[in-house]
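Just below is one structure, and these are the notes that go with it.
The values are calculated or read from the model by the stated rules, or taken from the named source; none is laboratory data. Keep in mind the model is a prediction, meaning the values are calculated, not measured. Neighbour counts are summed over all protein chains in view; Cβ atoms, including those assigned to glycine, are modelled from backbone coordinates with ideal geometry. Note: accessible area is taken over every heavy atom of the protein model, side chains too, but ligands, DNA and RNA are not part of it. Shrake-Rupley method; radii C 1.70, N 1.55, O 1.52, S 1.80 Å.
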Amino acid sequence: MKSTRKKPRPVSVDAIARLADRGKDVSRFFTNSGKIMPPIQRVNVDLTAIMLNELDATAKELNISRQAVIKTLLRQGLDRHYLAKSRARKGHSRDSR
């Protein structure tokens, strides 16, 4: 015979907050396996129509959102910048020997 015990339903954030407000121990609801993300900050960027069309075409080609394309390309550009900066620093220190 199968077990008829029901799985416990997830507890809402509001319910956990109410327990905490009443001074109850809520540590059982947290596993410390999550990652704390910094808050998102919105920015406005002015783009030419041509750039916007290129972004939209790339997004369609990759089947992702325009925002995802922008974030991906920006991340790649920043990574290349930091790598070049790091390599330049290492090359500069060799020249000074």
From the cross-link list K6/K35; K35/K60; K6/K60, the entries with a Cα-Cα span beyond 32 Å are K6/K60
For the chain, dividing by residue count, accessible area per residue (probe 1.4 Å) in Å² works out to 104 Å²
As straight-line cross-link partners of K71, the qualifying aspartates and glutamates (C-alpha separation under 18 Å, not fewer than 8 residues apart within one chain) are D46, E54, D56, E61, D79
To the nearest 10 degrees, the tilt of helix 66-95 (Cα long axis) against the first principal axis of the alpha carbons of the chain is 60 degrees
On each of the three principal axes the extent of the alpha-carbon atoms of the chain, given in whole Å and largest first, is 70, 47, 38
Per-residue ellipticity at 222 nm attributable to helices in the chain (runs of n ≥ 4 DSSP H, -39500 (n - 2.57) apiece, nearest 500 deg cm²/dmol) works out to -18500 deg cm²/dmol
Under Stokes-Einstein, the stretch 1-46 at 10 °C and 1.306 mPa s, with its Kirkwood radius over C-alpha pairs, diffuses with a coefficient in µm²/s of 108 µm²/s
When the charge dipole of the chain is computed with +1 on Lys and Arg Cβ and -1 on Asp and Glu Cβ about the Cα centre, the Cα farthest towards its positive end, among A57, L74, I40, belongs to I40
